[in-house]
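The values are calculated or read from the model by the stated rules, or taken from the named source; none is laboratory data. Just so you know, these numbers come straight off a predicted model, no measurement behind them. Note that each Cβ is placed from the backbone with ideal geometry, even for glycine, and that neighbours are counted across all protein chains shown. Just so you know, the surface numbers come from the protein's heavy atoms only, side chains and all, with ligands and any DNA or RNA stripped out. Shrake-Rupley method; radii C 1.70, N 1.55, O 1.52, S 1.80 Å.
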Amino acid sequence: MRAETVIDSVAGTLCKVATLANYEMTPETVFTLRQAVFLNRFIQAIRIRDGDRVICSSEDGLDPRITLIGAETGPIPEPGEFVIRPPSANRIVDNTIKVVFVFALNKAIEGLIDPAIFNQVFDFYAHEVGSRVFLLYGDADVLTSFGEPLVTLPPDVDLLKAGSIQWTDGGICRVTASQRYPISTVAVTPTASVSSKWARTAIEFSLAGAAIAALLATLVIRVVRRTRSVEADLREAVKYDELDVHYQPIMDLRSNRWVGAEALMRWNHPQRGMIPAGEFIAVAEKTDLIVPITALMLERVAEDLEDTLDADPELHININLAAQHFSTHQIIDSVHSILGGRIRANQIIFEITERGLVDDHSSPAAAVMRGLSQTGSRLAVDDFGTGYTCLSYLQRFPLHFLKIDKAFVDGISDAEHSSGLVDQIIRIAKSLNMELIAEGVEHEYQVHYLLNHGVEYGRCWHFGRPMSANRFISFVSEKNAPAAH
């Protein structure tokens with residue numbers, strides 16, 4: 001492509017000069033030739049020839065010797081043809097490539113090109129891969145070459161097999177032929193160079209692979225150790241009752257009264273400080289710890305709020321259940337043994353994720369849900385709309401509340417408009433006689449929209465942040481006081 005570009009440019013310049021020059025040794029002709037050379041960055045000089053005699057040159061008057069260089073023997077081709085001639089055998093005297101345009105019988109204009117013009121940039125890459133590239137004219141004339149100087153052109157290379165790899169006595173070759181000019185390039189790489197490069201590359205990749213493998217192994221070990229460390233520490237925390245429960249208030253949007261809270265487990269690690277709930281709850285759900293953690297939460301709720309819930313029967317506490325709770329009846333036993341006689345069953349709302357809803361009525365999960373409902377506790381579907389619940393499931397199980405995920409609440413743009421998804425969820429809940437709890441309510445206009453569309457409850461930091469049991473008791477007492485109400 002580089003050679004074609006150079007030849008195109010030089011040929012175009014020679015055609016223009018052929019229409020301007022008067023083919024005589026005059027100052028005007030020399031000026032025209034020099035101007036053409038100045039405007040074309042590929043041409044070193046332009047000459048007008050008559051047979052093997054130079055009539056005029058762009059270099060006339062600069063160096064008298066140049067006008068004597070380049071006399072060609074043999075006939076000049078027919079008028080209108082282009083010819084490309086390689087450097088002369090005596091390259092010390094004439095090391096230029098000539099593009100010749102024949103414009104009349106035995107008369108031609110030739111442009112002299114420095115062979116290095118073809119090597120720019122590419123010579124570096126040829127050296128990098130230990131190759132040499134030959135630019136050929138016709139079948140054998142070497143116009144120029146660049147790359148490793150000791151590499152020679154293999155005599156058995158087949159120029160007709162362009163575009164394919166050839167294995168020759170001299171190494172590995174690839175021929176690329178021009179579709180416009182009788183020129184081609186042959187890239188030659190000695191077999192020894194290929195073997196050396198392959199061996200070096202194999203070693204480099206092996207070392208790099210070993211380093212990456214070691215890095216990944218280190219990271220995996222650290223993650224496993226950290227996970228095991230969190231799991232071991234979490235077991236100790238459960239064993240020695242080191243976990244705490246915070247309460248995030250829930251408001252009745254209709255009366256502005258605080259009607260309960262969602263119980264949230266918190267873990268203040270003695271060395272690492274406060275562990276994010278998402279981190280240790282995920283570990284607990286992957287192990288067998290989530291069940292005893294929930295039992296511990298029930299015990300803590302009873303200790304913290306037994307008197308408060310007894311004094312205000314309208315208050316309720318929401319407790320999240322994981323998928324592991326629905327494989328056995330242990331959670332039902334915990335409700336009876338821990339909460340029985342201390343907290344009214346209807347003041348506990350168990351939140352079930354969509355994964356807990358199954359189609360099989362005889363499955364353990366369905367039996368657990370029915371058992372919880374028979375204790376008097378109420379059930380809520382958590383984050384409805386973010387999973388894959390079949391709507392028929394909502395009719396088959398004893399569900400009392402449906403929670404709207406924050407992603408749908410965020411679709412409320414003002415007090416009168418929403419994305420429409422939250423409206424669909426509200427209609428579904430109302431058709432099933434289920435009450436609604438909206439999560440992530442951050443703005444007053446969202447409160448007004450939800451209230452106007454029949455949503456009963458709201459929970460988020462806009463109403464109150466998670467707080468300790470003592471703070472929650474004071475908060476509810478202060479907010480629900482008659483004067484404040």
Margin query: Given the options T19, T26, T32, name the one that is polar (S, T, N, Q), more than 60 Å from the chain's Cα centre (by Cα) and over 20 Å from L135 (Cβ atoms).
Written below: T26
Margin query: If I filter region 149-201 down to residues being of a type in the set (K, R) and touching a residue at least 40 places away in the same chain (Cβ under 8 Å), which single residue comes out as most open to solvent (accessible area, probe 1.4 Å)?
Written below: R180
Next item on the list: Might you check whether a residue that is surrounded by fewer than 17 Cβ atoms within 10 Å (Cβ to Cβ) and either part of a strand (DSSP E or B) or among the aromatic types (F, W, Y) (or both) occurs anywhere in region 209-227?
Entry: no
Notebook entry, point to check: Do you know which residues across region 73-119 are modelled with pLDDT of 75 or more and exposed (fewer than 12 other Cβ atoms within 10 Å of the Cβ)?
Noted result: A116
Margin query: Can you find, within region 237-267, the residue that is least open to solvent (accessible area, probe 1.4 Å) among those that are over 17 Å from I473 (Cα atoms) and hydroxyl-bearing (S, T, Y)?
Written below: S255
Note to self: Given (1) open to solvent by 50 Å² or more (accessible area, probe 1.4 Å); (2) among the basic types (K, R); (3) in contact with a strand residue (DSSP E or B) (Cβ under 7 Å, 6 or more places away or on another chain), identify the lone condition not met by R47.
What the structure shows: (1)
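Could you list all residues from region 462-481 that are part of a loop (DSSP other than H, G, I, E, B) and touching a residue at least 40 places away in the same chain (Cβ under 8 Å)?
F463, G464, R465, P466, S468, N480
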Item checked: Test for T176: is it under 19 Å from D123 (Cα atoms), polar (S, T, N, Q) and modelled with pLDDT of 85 or more -> yes
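Could you tell me how many of the residues in region 402-440 are among the basic types (K, R) and either assigned to a strand (DSSP E or B) or touching a residue at least 40 places away in the same chain (Cβ under 8 Å) (or both)?
Of region 402-440, the ones among the basic types (K, R) are 403, 406, 427, 430.
Adding the requirement that they be either assigned to a strand (DSSP E or B) or touching a residue at least 40 places away in the same chain (Cβ under 8 Å) (or both) leaves 403, 406.
Residues flagged as among the basic types (K, R) and either assigned to a strand (DSSP E or B) or touching a residue at least 40 places away in the same chain (Cβ under 8 Å) (or both) within region 402-440 amount to 2.
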Item checked: Condition check for L234: at pLDDT 85 or above and either over 26 Å from A438 (Cα atoms) or buried (at least 19 other Cβ atoms within 10 Å of the Cβ) (or both) -> yes
Item checked: Of residues in region 293-331 being outside any helix (DSSP H, G or I) and small (G, A, S), the one most open to solvent (accessible area, probe 1.4 Å) -> S327
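Taking region 120-141 only, how many residues are modelled with pLDDT under 85, in contact with a strand residue (DSSP E or B) (Cβ under 9 Å, 6 or more places away or on another chain) and among the aliphatic types (A, V, I, L, M)? Talk me through it step by step, then tell me what you get.
First pass over region 120-141, keeping only residues modelled with pLDDT under 85: 120-130, 137-141.
Narrowing further to those that are in contact with a strand residue (DSSP E or B) (Cβ under 9 Å, 6 or more places away or on another chain): 122-123, 125-127, 129-130, 137-138, 141.
After this cut, where a residue has to be among the aliphatic types (A, V, I, L, M) as well, the list is 126, 129.
Qualifying residue count for the region: 2.
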